[in-house]
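Okay, so here's the structure we're looking at.
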Amino acid sequence: MTAPAEPSAVSADTAPAPKRRDYAQFVVCAVMAVIGVFLVVDALSLSDGFAKVDPVGPRLFPLVIGGGLLVFAGVLAVAILRGSTGEADSGEDVDPESPGDWKTVGLLVGLFVVTIALVDFLGWAIIGTVLFAGAATILGSRHWVRNIAIGAVLGFGSFYAFYVGLGIPLPAGILDGIL
């Protein structure tokens with residue numbers, strides 16, 4: 001029988017380094033808190049309006065979401081102060097040394113600007129088709145006919161889902177009277 005091995009003393013060289021606090025995460029806390037306060041204040045100023053018969057009322061969801069944001073901002077702030085940091089992404093298939101693809105970002109921003117500018121004139125069904133098909137093409141799909149077909153299904157489908165299913169009218173644009 002052998003004697004149990006004595007635990008080795010940890011030297012100062014092998015001691016784990018103390019965790020660094022990532023104070024930049026407080027920006028996320030601040031944004032969450034500002035949005036939470038905005039939602040709560042705005043929800044408290046809502047009138048009942050047409051929802052007088054609704055037992056829940058229009059205030060419930062903004063209050064719940066705003067309150068949740070405030071709670072989670074506080075929890076995140078405490079976690080940051082205690083030294084909790086996220087684990088570095090080691091399994092990503094991205095080269096962190098490569099530059100950003102600013103051409104793609106610029107094209108997507110341009111597509112969103114065109115969508116915003118033309119949604120009233122062309123209507124959601126058409127501009128939604130252009131938005132979905134354009135985004136797929138910009139992000140690398142080279143099947144233009146399929147992109148347009150899927151975009152049309154999404155654009156017209158979301159138009160009717162909002163208009164018929166939810167009762168929320170989206171702009172019909174040049175197709176007004178046809179849709």
Next on the checklist: I want to confirm something. Restricting to region 115-147 and keeping residues that are of a type in the set (Phe, Trp, Tyr) and over 16 Å from Tyr160 (Cβ atoms), which single residue is modelled with the lowest pLDDT?
Outcome noted: Trp144
Checklist entry - Pairs, please: C-beta under 6 Å, at least 6 apart or cross-chain, first residue touching a residue at least 12 places away in the same chain (Cβ under 8 Å) and in region 157-179, second surrounded by fewer than 14 Cβ atoms within 10 Å (Cβ to Cβ) and of a type in the set (Phe, Trp, Tyr)? => result Gly173/Phe121
Checklist outcome for this item: Subset of region 92-114, residues at pLDDT 95 or above and not small (Gly, Ala, Ser), comes to Leu107, Leu108, Val109, Leu111, Phe112, Val113, Val114
Item to check | Only one of Val145, Val119, Val105 that is more than 19 Å from the chain's Cα centre (by Cα), of a type in the set (A, V, I, L, M, F, W, C) and surrounded by 11 or more Cβ atoms within 10 Å (Cβ to Cβ) | outcome: Val119
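The values are calculated or read from the model by the stated rules, or taken from the named source; none is laboratory data. Note that the structure is a prediction, hence the values are computed from the model and not measured. For neighbour counting, all protein chains shown are included, and Cβ atoms are generated from backbone atoms with ideal geometry for every residue, glycine included.
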